[in-house]
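The values are calculated or read from the model by the stated rules, or taken from the named source; none is laboratory data. The model shown is predicted, which means the values in this text are computed figures rather than measured ones. Neighbour counts run over all protein chains shown; Cβ positions are idealised from the backbone, glycine included. Ligands, DNA and RNA are stripped out before the accessible areas are found, and what is left, the full protein with its side chains, is counted by its heavy atoms. Shrake-Rupley method; radii C 1.70, N 1.55, O 1.52, S 1.80 Å.
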Amino acid sequence: MVYVWSGLFAAVLLWSGIEPFDRLTWVLEVLPAVLGALALAVTRSRFPLTPLLYVLILAHCVILIVGGHYTYANVPLFDWLGDLFGWERNNYDKLGHFAQGFVPVMIAREIVLRLEVIRPGAWTNFFTVCFALALSAFYELIEWWVALASGQDAEAFLGTQGYVWDTQSDMLWCLSGAIVALLTLSRWHDRQLGAFSGR
C-alpha cells in the first residue's frame, strides 16, 4: 500500500507543480500536504495507521494540492458546478474546509483511542471535534498572518472571493465535516482499530 500511496501522492504533486496559477500560492497550499506526507514517512514503522486513515489523508492531500495548482477560487470543475447550480462563487474551498474537519477528526480519533488518552465514548467524539475545530481556527490565523505579510497578493491564498463571512463559513464546513466523519466512519474505523490492535 505504501508504494501506491506514495506514487499517487508524487504524481499529483508533480502535476500540480507544472505551471500553477500562482507559484507562491502553490507553495503555501501544498506545504501542509508535503509536511503531512513526511510525518507519515517518519512515523510509519513505529506508529503505522489504519488503512482507512491512510486513504483519508491521501484524499485530503489531493484536495490541498489541486487547490494549490489552480487556487481555490479557480478550480475548473467547481466553476462548471457553479454554472450548473447558479453559485455566485467557486466553492472548492468549502470542500477543502469540509475535508479539514472530516480527516483531522479521524486522525485525532485514532491517536486518542490507540494511546488510550480518552476512553471510547461521547468524550472521544467531543474532544476530536474540538481538535478539528482548533486546527481549522489555527489555519484561519495562518491565512490572516499570510495576508498581513503579503498584502493584496494573499487573496489567492485566502480564497475569500469577496465573501465577508468566509472565515465563519469555513469553520462551519469544518464542523460539518467532523460530525459527518464520526457518524459515517466510526464503526468502520473501530473494526480496523480492533484488527490493528490484534497484530
Show the residue pairs that are 6+ apart or on different chains and have beta-carbon atoms under 7 Å apart, the first residue being within segment 21-45 and closer than 19 Å to LEU8 by Cβ and touching a residue at least 12 places away in the same chain (Cβ under 8 Å), the second being open to solvent by less than 90 Å² (accessible area, probe 1.4 Å) and outside any helix (DSSP H, G or I). TRP26/PRO20
Picking from VAL129, VAL75, the residue that is under 23 Å from SER16 (Cα atoms), free of Cβ contacts under 8 Å to residues at least 60 places away in the same chain and buried (at least 19 other Cβ atoms within 10 Å of the Cβ) would be VAL75
Condition set touching a Leu at 6+ places or on another chain (Cβ under 8 Å) and hydroxyl-bearing (Ser, Thr, Tyr), scope segment 47-70, selection least open to solvent (accessible area, probe 1.4 Å): answer is THR50
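Could you please let me know if LEU115 is open to solvent by 40 Å² or more (accessible area, probe 1.4 Å), farther than 16 Å from ARG191 by Cα, modelled with pLDDT under 95 and within 19 Å of the chain's Cα centre (by Cα)? Outline the logic, then answer.
Working: open to solvent by 40 Å² or more (accessible area, probe 1.4 Å): yes; farther than 16 Å from ARG191 by Cα: yes; modelled with pLDDT under 95: yes; within 19 Å of the chain's Cα centre (by Cα): no.
Criteria not met by LEU115.
Every residue, every condition in (1) farther than 19 Å from ILE57 by Cβ; (2) modelled with pLDDT under 85; (3) in a helix (DSSP H, G or I), yes or no:
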{"residue": "GLU140", "(1), (2), (3)": "yes, yes, yes"}
{"residue": "SER150", "(1), (2), (3)": "yes, yes, yes"}
{"residue": "GLY162", "(1), (2), (3)": "yes, yes, no"}
{"residue": "GLY177", "(1), (2), (3)": "no, no, yes"}
{"residue": "ALA181", "(1), (2), (3)": "no, no, yes"}
{"residue": "ASP190", "(1), (2), (3)": "no, no, yes"}
{"residue": "ARG199", "(1), (2), (3)": "yes, yes, no"}
Do any residues in segment 51-69 that are at negative phi have Cβ atoms under 6 Å from those of residues that are open to solvent by less than 20 Å² (accessible area, probe 1.4 Å) and charged (D, E, K, R), where the two are at least six apart or on different chains, and which pairs are they? LEU53/GLU110; LEU64/GLU29; GLY67/GLU29; GLY68/GLU29
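Search segment 29-41 for residues being in contact with a Gly (Cβ under 9 Å, 6 or more places away or on another chain) and either small (Gly, Ala, Ser) or crowded, with 21+ Cβ neighbours inside 10 Å (or both), and hand back the single one that is farthest from ALA149 (Cα to Cα).
Going through segment 29-41, the residues in contact with a Gly (Cβ under 9 Å, 6 or more places away or on another chain) turn out to be 29-31, 33.
Narrowing further to those that are either small (Gly, Ala, Ser) or crowded, with 21+ Cβ neighbours inside 10 Å (or both): 29-30, 33.
Values: GLU29: 16, VAL30: 19, ALA33: 22 Å.
That would be ALA33.
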Might you let me know whether segment 9-28 holds any residue that is open to solvent by less than 100 Å² (accessible area, probe 1.4 Å) and among the acidic types (Asp, Glu)? yes
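For THR128, indicate whether it is at pLDDT 90 or above, of a type in the set (S, T, N, Q) and assigned to a helix (DSSP H, G or I). Explain how you work it out, then say what you get.
Numbers: at pLDDT 90 or above: yes; of a type in the set (S, T, N, Q): yes; assigned to a helix (DSSP H, G or I): yes.
So THR128 fits the description; yes.
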